[in-house]
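Structure first, then comments.
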Amino acid sequence: MSNSWIIENGRIIDPASGRDETGTLVVTNGCIAAAGEPVSADTSRIDARGSWVVPGLTDMHTHLREPGEEYKEDILSGARAAAAGGFTGIACMPNTIPVNDCAAVTQLILERARQAAVRIYPVGAISRGSQGELLADLGELKNAGAIAVSDDGRPLVNSQLMRRALEYAADFDLTVISHCEDIFLGKGAMHEGPVSTRLGLRGIPPAAEAVMVYRDIALAEWTGKAVHIAHVSCAQSLALIRAAKERGVRVSAETAPHYFTLTDEAASTYDTRAKMNPPLRSESDRQAVRQALADGTIDAIATDHAPHSCLEKECEFELAANGIIGLESALPLSLALVADGLLSPLRLVELMAFNPAKILGLPAGTLQPGSAADLTIIKPDQPFIFSEADICSKSRNTPFLGYEFPGRAVLTMVGGEIRFQKELL
C-alpha cells in the first residue's frame, strides 16, 4: 500500500504552526512534505471535504494490561482501539503484572508493540514494584525506552521519595506523572456527597485529590522541577494548579472525558460502569473541569483507558474494579465541547495532540514539513450512536453505550500508512 498521499479539501488544523485553513496536505514516503516538493507517480488521493485533518492524537494515559492481564486487553487490541479512536500514539501505564519497573518489562512492551497499529510509548514505574519505598532505576528505564515515570494506580505517599523522583527524573528527561490521592481520605467507592449518602456507599471527598496536588505543586516549586498531574477531577485541585501556573511553577495537568461529561449521578443506580478513581464528581466540579479546559489550566485530555472484564465489573459496587475504557469514545466526547462552543477546533487539537506530545517530549503532535505522517481525519459533524460495534477493545466497561455523539475519527494514519478507516473519503 502506498505511503504517499495527497489529502485535499480538508480543514488543516495544526497548533504547532497555528494553521487552521482549508487546503492540501502532501505525504511523501511516510513524512509530511514541504510545499512544492515533487510528488511520486504512485501517490494516492484522499478527498477530505467536510473533515478536519489534524496531527495524530496522543493519549498520554492508557492501561494496556500486558503483561499479566491480557484477558482484559493486550498491546495489539489496545492499539487497534486507539487507532479506531483517532490516536496514533499511546503512553501505557506501568501497573502491569509484573510492574514495568525495569528494562526487561519495558523491552517486552516495545517488542510486542512492533506489530501494533499505533506507536506505543512505555511509562516506567517511579518506585520498585510501585510499592512507594525505593526508587526504580530511572536511568535503566530511560535507556530501555521509557518516556515517563509514574506509579499510577498507587499514589506515592512518601514525600521525600517524590522529591527525589522529580530530581532524578529531570536528569534523564523523564516526565513525572503523579497519581494524586491521599489513600486515607480516599477509602471509599464514589464521590462523597448526597448521592453516596442516598446509596449508602462510602464517599471520597475532593480533598483526597487536592491535598496531594498541593503537595506535588509544593515539591515542584521547591525543586524547580516539572510535574504532571494525572486525571484531575475536581474544582479544588484546579484552583491549586491555576494559582501555581500563575506563580510560574512547572506543573501541567490532564483530565479525562468522563470528568467533563458525567457526574456522580451516573452511579445512582449502582452502575459499576460509572465507578472509577478518582470518582465522578459533582456538577460544580464538572463545570470547573470544562472551564479549566477552556482557560488553559488543563493542558491535555487523556483517556485513562482502563479495560476490565465482566469478572471485575459485574459485582457489588464497593467490590468492583475502578475504571472505564475510553480510547474509542474520547474524541467523540471531546468534540461535544466544540459543538457546545466551549472550545475552538484548534484548542481541542492542542489538548489531544500537540500538548500531550510536548509534555512527554515526543516527536509528534505536528503537521510541520519533515515530521512523520501521523495524522487523523475527523468528521466533526457526523452524528452516530455509540455501540459495541464501535469498540475494538477486548473489554466493554463503558457508561457511554447508547450515547449520541456529534462526530468521530474516520481515518488514522501512522507513518503514512492507514491504520484505521471508517469509510471511503
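Please return the ranges of helices (runs of 4 or more DSSP H) entirely within region 166-283 where 1 or more residues are buried (at least 21 other Cβ atoms within 10 Å of the Cβ) and within 21 Å of the chain's Cα centre (by Cα).
Working: elements: 194-199, 207-223, 235-247, 257-261.
The qualifying helices (runs of 4 or more DSSP H) are 207-223, 235-247, 257-261.
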Selected residue (only one of Glu133, Glu111, Glu70 is under 21 Å from Leu360 (Cα atoms), over 18 Å from the mean Cα position of the chain (by Cα) and of a type in the set (Asp, Glu)): Glu111
Strands (runs of 3 or more DSSP E) contained entirely in region 318-425, each with at least 1 residues that are free of Cβ contacts under 8 Å to residues at least 40 places away in the same chain and surrounded by fewer than 20 Cβ atoms within 10 Å (Cβ to Cβ): 417-421
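Please determine whether any residue of region 174-192 is at positive phi and not hydroxyl-bearing (Ser, Thr, Tyr). Quick ask: steps written out before the conclusion?
Our first condition is that a residue be at positive phi; within region 174-192, this holds for none.
Checked against the condition, which is being at positive phi and not hydroxyl-bearing (Ser, Thr, Tyr), region 174-192 yields no hits at all.
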Filtered residues of region 4-58 (kept if outside any strand (DSSP E or B), surrounded by 20 or more Cβ atoms within 10 Å (Cβ to Cβ) and among the small types (Gly, Ala, Ser)): Ala33, Ala48, Ser51, Gly56
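Tell me which residues, restricted to region 392-425, are among the aromatic types (Phe, Trp, Tyr) and under 15 Å from Pro380 (Cα atoms). Before you say what the answer is, go through the steps one by one.
As a first pass, look at region 392-425 and keep what is among the aromatic types (Phe, Trp, Tyr): 400, 403, 405, 420.
Across region 392-425, the qualifying residue is only Phe405.
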Selection within region 29-57 - among the β-branched types (Val, Ile, Thr) and within 29 Å of the chain's Cα centre (by Cα): Ile32, Ile46, Val53, Val54
Residue match in region 127-138 (condition: more than 30 Å from Glu423 (Cβ to Cβ), of a type in the set (Lys, Arg) and part of a loop (DSSP other than H, G, I, E, B)): no
Residue among Ala117, Ala81 that alone is in contact with a strand residue (DSSP E or B) (Cβ under 7 Å, 6 or more places away or on another chain) and surrounded by 21 or more Cβ atoms within 10 Å (Cβ to Cβ): Ala117
Pairs, first among the basic types (Lys, Arg) in region 178-194, second at pLDDT 95 or above and crowded, with 24+ Cβ neighbours inside 10 Å, C-beta under 9 Å, six or more apart: Lys187/Ile204; Lys187/Ala208
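Considering every residue within region 34-42, establish whether at least one is at pLDDT below 95 and under 28 Å from Ser344 (Cα atoms). I'd like the intermediate steps shown before the answer.
First pass over region 34-42, keeping only residues at pLDDT below 95: 34-42.
Then drop every residue that is not under 28 Å from Ser344 (Cα atoms), which leaves 34-35.
Yes, because at least one residue in region 34-42 is at pLDDT below 95 and under 28 Å from Ser344 (Cα atoms).
The values are calculated or read from the model by the stated rules, or taken from the named source; none is laboratory data. Remember, predicted model here, so these are calculated numbers, not experimental data. Reconstructed Cβ throughout: ideal geometry from the backbone, glycine too, with neighbour counts over all protein chains shown.
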